[in-house]
Amino acid sequence: MVAKIDRDEVQRLLREGAQLVEVLPPAEYEQEHLPGALNIPLKQLDRETTAQLQRDRPVIVYCSDYQ
Amino acid sequence: MSPRAAWRLESLGFTKVFHYVAGKADWSASGLPLEGRLASLPTAGGVARRGVLTCRLTDRVGEVRERMATVGDSACVVLNDEGIVMGRLRQKDLNADAEATAESVMESGPTTVRPDLPLADIVERMQRRGVGSVLVTTPDGRLSGILYRRHAEARLTEMENEGAPEEK
């Protein structure tokens, strides 16, 4: 189940070891991204690219805004 | 885009998936740090002065006048009980009856800008309109600070001298 969260919750989860994933294209990620975020563009989300994520830790995904 | 990504992760077997709905724009607008090529460029929020004098809608003009004189501020931001910016009081507004409420004499709905807007864009807009200062608020309308044009111009001049990029 996917849970929608706000900024406060993001910060709380990060303190607890959550992983951040920006799903925008690399060009936008390279301009600006949240500290420590990985870049896995939506079109490239598959078993191979997500192998770098730890399954036992929370994963937070985001893009620019309400898209 | 990110809702689909969140569900894609879920379909790949991840069980602790969260979707930060408001995303990068919200994070940046709240003045939180970013990383990346453009992250070091100045923004309105980065140069805005914090600790701005505030009052409530029901505060009396006389009280506000005293507080402004004590701290030496030339403006006071009027907030509602939720901390949302409702108006702005300047010196000229405080010539009213001391018993009048802030709400009755304030400039209602003052122009505000988001903290993540590029400083160069804001300064250009302020220069064009002859504005000396502007309130900086978060996307939900809470006060972040006040941006003085002279401070912003000084920051941009510093950057030019340092040879930093100007565009965001």
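All of the numbers you see were taken from the coordinates with simple rules; none came from a lab. What you see is a predicted model; the values in this text were computed from it and never measured. Cβ sites come from the backbone with ideal geometry, for glycine too, and all protein chains shown count toward neighbours.
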Query raised in the report: Evaluated at 37 °C with a viscosity of 0.692 mPa s, what Stokes-Einstein diffusion coefficient in µm²/s does chain B have when Rh comes from the Kirkwood expression over alpha-carbon pairs?
Result: 182
**Report entry** Cα-centred dipole magnitude for the protein assembly as shown, charges only on beta-carbon of K, R (+1) and D, E (-1), debye, nearest 20
**Finding:** 140
Report summary line: Per the Kirkwood formula over distinct C-alpha pairs, the hydrodynamic radius of chain A in angstrom is 12.5
Report task. Run the quick spin-label model on B:Asp81 and B:Tyr148: label points 7 Å from Cα toward the beta carbon, then report their separation in nm to one decimal. Result -> 3.5
Query raised in the report: Where Lys and Arg each count +1 and Asp and Glu each count -1, what net charge lies around A:Glu48 among other residues with Cβ under 15 Å from its Cβ?
Result: +3
Query raised in the report: If you take the alpha carbon radius of gyration of segment B:28-73 and divide it by 2.2 N^0.38 Å, what ratio comes out, to two decimals?
Result: 1.75
Report summary line: Sorting A:Tyr29, A:Ala18, A:Asn39 by the position of each Cα along the dipole of chain A (Lys, Arg +1; Asp, Glu -1; all at Cβ), the one nearest the positive end of that ordering is A:Ala18
**Report entry** Among B:Val61, B:Gly145, B:Leu156 - extreme Cα towards positive end, dipole of the protein assembly as shown, charges at beta-carbon
**Finding:** B:Gly145
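Which length gain, in nm to one decimal place, applies between B:Ser108 and B:Arg49 when the Cα-Cα distance is subtracted from 0.36 nm times their residue separation?
Stretched fully, the B:Ser108-B:Arg49 segment lengthens by 19.1 nm.
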Report summary line: Sorted by chain and then number, the residues having a modelled amide H within less than 5 Å of the amide H of A:Leu38, at least 5 places away or on another chain, are A:Leu20, A:Val21, A:Glu22
Query raised in the report: For the protein assembly as shown, what is the largest minus smallest coordinate of the Cα atoms on each principal axis, given in angstrom and ordered from greatest to least?
Result: 69, 43, 25
Query raised in the report: Once fully extended, how much extra length lies between B:Glu63 and B:Glu162, figured as 0.36 nm per residue of separation less the alpha-carbon to alpha-carbon distance?
Result: 31.2 nm
Report summary line: Simple SL model, points at 7 angstrom along Cα→Cβ for B:Gln91 and B:Leu38; separation in nm is 3.9
Query raised in the report: Among B:Val61, B:Val131, B:Val17, which one moves the most in a GNM of chain B with springs linking Cα atoms closer than 10 Å?
Result: B:Val17
Report summary line: Note: segment B:79-134 at 4 °C, 1.567 mPa s; Kirkwood Rh on alpha carbon pairs; Stokes-Einstein D in µm²/s works out to 98
